[in-house]
Amino acid sequence: MSEDRHIPVFLLNNPLRRLMESPERLAKEYVRQGMVVADIGCGAGFYTIAMARATGPEGLVYAVDSDQVAVERLRNTVEREGLSNVKTFVSPAEKLDFIPTASVDFVLSKDLLCCTIKHREVMREMRRIVKPNGTIHVSIRSFPFSKDPREVRREEWRELISEFKVLNSKSGLTSSWAVLRPK
Ligand SMILES: C[S@@+](CC[C@H](N)C(=O)[O-])C[C@H]1O[C@@H](n2cnc3c(N)ncnc32)[C@H](O)[C@@H]1O
């Protein structure tokens, strides 16, 4: 049985989510035309599609998730939208052999870490693929009293991000995010 937590597609791509999160706003802030982007733990592509539009046909978006169902849904959307710059992979985030070292301008890992036990391994892979002057946007959800081994505890979160130059970050009781660059 997989140790990864997979989230039903109807929750990931629920229109109500747009009331709280804007993929377009994030893409506008971090993605430029022609960039190479990686959406690690992309789910059904809530953020992937906005980033693919922002980077344009000259750019490239790697979209990776260990959940085949979510990736299939994303593949359908990519085809329907006629996007030629998205490469989808059903793969664990801790093994991104298909992405060359130091080749990605912007890595997004939206609420993936808290769905796996492989926190260190995933962070290591993201650091491997990002360019030396590239950016990683990583976020987690927290359930402070949870005993789930996938939970990223406050101390561990601080340790994980301390391996990078922290450009910006915010920590709350139920969610945290950080914008990172390799040291
Ligand atoms: C909370 S969802 C977020 C999905 C997407 N980033 C979004 O914002 O809609 C976390 C995703 O991480 C995926 N996931 C969990 N463990 C993973 C792993 N080890 N490797 C790749 N994907 C993983 C899950 O299948 C799920 O789609």
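Counting alpha carbon pairs within less than 8 Å and at least 6 residues apart, what relative contact order, in whole percent, applies to the chain?
Over the chain, the number comes to 18 percent.
Which loop chymotrypsin sites (Phe, Trp or Tyr not before Pro) in region 118-180, with loop taken from DSSP, have no more than 10 other Cβ atoms within 10 angstrom of their Cβ?
Phe145
Counting just the Cα atoms, what span does region 67-109 cover along each of its three principal axes? Round to the nearest Å and put the largest first.
31, 21, 17
Please state the charge dipole magnitude for the chain, taken about the Cα centre, from unit charges on C-beta atoms (+1 on K and R, -1 on D and E), reported in debye and rounded to the nearest 20.
480
Give me Rg over Rh for the chain, both radii from the alpha carbons and Rh done the Kirkwood way, two decimal places.
That ratio is 0.93, to two decimals.
Probe radius 1.4 Å, ligands and nucleic acids ignored: give me the carbon and sulfur share of the accessible area of the chain as a rounded percent.
Numbers: 5140 of 9620 Å².
Whole-percent figure for carbon plus sulfur exposure: 53.
Between Arg80 and Ser175, what length comes free when the chain is fully extended (0.36 nm per residue of separation minus the Cα-Cα distance, one decimal in nm)? Working shown, then result.
Values: separation 95, 0.36 × 95 = 34.20 nm, distance 3.28 nm.
Length gained, Arg80 through Ser175: 30.9 nm.
Taking 0.36 nm per residue of separation and subtracting the Cα-Cα distance, what length does fully extending Asn168 through Gln33 add?
Fully extending the segment from Asn168 to Gln33 adds 46.3 nm.
Bin width 5 Å, alpha-carbon pairs only: give the P(r) of region 113-168 as whole percents, running from 0 to the bin holding the largest distance.
4, 17, 30, 24, 14, 7, 2, 1
What 222 nm value per residue comes from the helices of the chain, counting each DSSP H run with n ≥ 4 as -39,500 (n - 2.57) and dividing by all residues, nearest 500 deg cm²/dmol?
-8500 deg cm²/dmol
Using a probe radius of 1.4 Å on heavy atoms only, what accessible surface per residue do you get for region 29-144? Whole Å² is fine.
Computed with neighbouring chains in place, this is 41 Å² per residue.
If you look for lysine pairs in region 9-182 that are eight or more places apart or on different chains, how many of them have Cα atoms under 18 Å apart?
Taking the Cα cut-off of 18 Å, the pair count is 10.
Between Lys87 and residues 5 or more places away or on another chain, which pairs have amide H atoms under 5 Å apart, with H built 1.01 Å from N, and which residues are they?
Distant-sequence amide H within range of Lys87: Val61, Tyr62, Ala63.
Could you compute the longest span of the chain free of GluC sites (Glu not before Pro) located in DSSP loops and having at most 16 other Cβ atoms within 10 Å, not counting the site residues?
Here the longest segment lacking exposed loop sites spans 59-162.
Looking at region 83-118, which chymotrypsin sites (Phe, Trp or Tyr not before Pro) are DSSP coil and have at most 13 other C-beta atoms within 10 Å of their C-beta?
Within region 83-118, the qualifying chymotrypsin sites (Phe, Trp or Tyr not before Pro) (loop, at most 13 other Cβ atoms within 10 Å) are Phe98.
What is the distance in Å between the Cα centres of region 103-176 and region 10-38?
Centre-to-centre (Cα) distance: 18 Å.
The values are calculated or read from the model by the stated rules, or taken from the named source; none is laboratory data. Bear in mind the structure is a predicted one, so any value in this text is a computation, not a measurement. Quick reminder, even Gly has a Cβ in these numbers, built from the backbone with ideal geometry, and neighbours come from all protein chains shown. With ligands, DNA and RNA removed, areas are computed over all heavy atoms of the protein, side chains included. Shrake-Rupley method; radii C 1.70, N 1.55, O 1.52, S 1.80 Å.
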